[in-house]
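Below is one structure, written out as structure tokens; comments come after it.
None of the figures in this text is laboratory data; all of them are computed from the coordinates on show. All figures in this text were calculated on a predicted structure; none of them were measured in a lab. FYI the Cβ positions are ideal-geometry reconstructions off the backbone, even for glycines, and counts take in every protein chain you see.
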Amino acid sequence: MTPRSGSFWRARVAPLASLILLLSLSVTLAEPGPDGMLRLQMPVKCDLDRDCFIQNFVDRAVGEDAMDFTCGAQTYDGHDGTDFRVPDLAPSRNVDVLAAAPGRVLRVRNRMPDISVLKIGEEAVSGKECGNGVVIDHGGGWQTQYCHLARNSVMVEPGTEVAAGQPIGRIGMSGLSELPHVHFSVSYQGDWIDPFAFGSEPGGCGGGEVLWDFAATWEYETDFIINTGFAADKVTIDDINWGALQGFVFKADAPILLAAGLAGGLSEGTMLTLSLSGPDGEILAEKTVGPLDAPMAQYYIGVGKRRPASGWPEGIYTAVMSLSDGETVREKRFEVER
Ligand SMILES: [Zn+2]
């Protein structure tokens, strides 16, 4: 989910690209703002907290603990970037990764496969933890890096001048990644910084400068529902990441009707409930998990019903997923017709 510090990668630069890089050195880089601060736009083409989520922030803790910029738990030890996560990699989504600020592309990588590191092991991506990615220089000592892009999706080359918001690739799962997201990181004068709290002291929370342009209309949230849907068989989290809950058609011979949901940013004490009811409103299956005894980056819950001997009655089947801490904090209802 992250290239750790020290694994900052260098892609081989093709001769033509080197030439372009040399020729473009005389072009003036887009300068950061008058205060020397880099201003950042969303690096992913999605509506934050609607169809994409921040799953992990920069770890602000000193030592082996982990703490995000709010003193919250949405990070892990050593995480040096911000993870923008999409529900899945269903082909219909095709989510663009965008340059967060104007600048010039320094390095790219584009040929690594999109596969969960849980399947191939960390050794297989050693030294290439970022996977397919792009590094952009913004001048003034600022750089941004975009990791885990889809294979062959990178559409810029070293030397390319990019505008803020310009597509540079598509979201994928290459490198040290087990879920569909962009690991976005910012460096200033060679050090990784937290774009939610630039300049604040490590080990503390609060303070510092927010570099994001969406900060004024955005609130830090926990306990969100990332993905929901139906399937006719058991699914794993990896299946869900690849879109197994999208485009389901409820056929008469479906052996199982599975309702499934994936939640993220979960707090200690959160309870997850998922219920499935049939056309007449009767509960067919229900499950409750929790209260969780520790914060969790994500949690998968599913409930299923086997096909009755008489077949599936026609009508609308409804599932309700909810997250609660005693009172419901999120609820999502989803339906399928038989
Ligand atoms: Zn990350």
One finds the C-alpha centres of the range 33-77 and the range 216-234 to be spaced, in Å, by 18 Å
From DSSP H assignment alone, runs of 4+ in the chain each adding -39500 (n - 2.57), the sum over residues rounded to the nearest 500 puts [θ] at 222 nm at -1000 deg cm²/dmol
Checked against the positive end of the charge dipole of the range 224-337 (+1 on Cβ of Lys and Arg, -1 on Cβ of Asp and Glu, about the Cα centre), the farthest of SER324, ILE225, VAL336 is VAL336
When the chain is treated as a Gaussian network with springs between alpha carbons less than 10 Å apart, the largest mean-square fluctuation among GLY190, GLY175, GLY278 is found at GLY190
Residues whose built amide H sits under 5 Å from the amide H of ASN132, excluding neighbours closer than 5 in sequence, are MET112, HIS148, LEU149, SER174, GLY175
What the Cα atoms of the range 203-263 span along the principal axes, largest first and in whole Å, is 58, 25, 17
Residue separation between SER92 and ARG307 times 0.36 nm, minus their alpha-carbon distance, gives in nm 74.5 nm
Hits in the range 174-202: amide N under 20 Å from the 7 Å Cα→Cβ extension of ASN152, namely 174-175
Taking r as the C-beta separation of ASP280 and ASP233 and R0 as 25 Å, the FRET efficiency to the nearest 0.05 is 0.50
Of 83-90, 121-128, ordering from highest average Cβ density within 10 Å down gives 83-90, 121-128
When MET173, MET155 are arranged by how many other beta-carbons sit within 10 Å of their Cβ, fewest first, they go MET155, MET173
The convex hull of the Cα atoms of the range 224-337, divided by residue count, gives a volume in Å³ per residue of 93 Å³
Taking the chain, the lysine pairs whose C-alpha atoms sit under 25 Å apart (8 or more places apart or on different chains) add up to 14
Answer in debye to the nearest 20: the dipole magnitude of the chain about its Cα centre, from +1 Lys/Arg and -1 Asp/Glu charges placed on Cβ, is 1400 debye
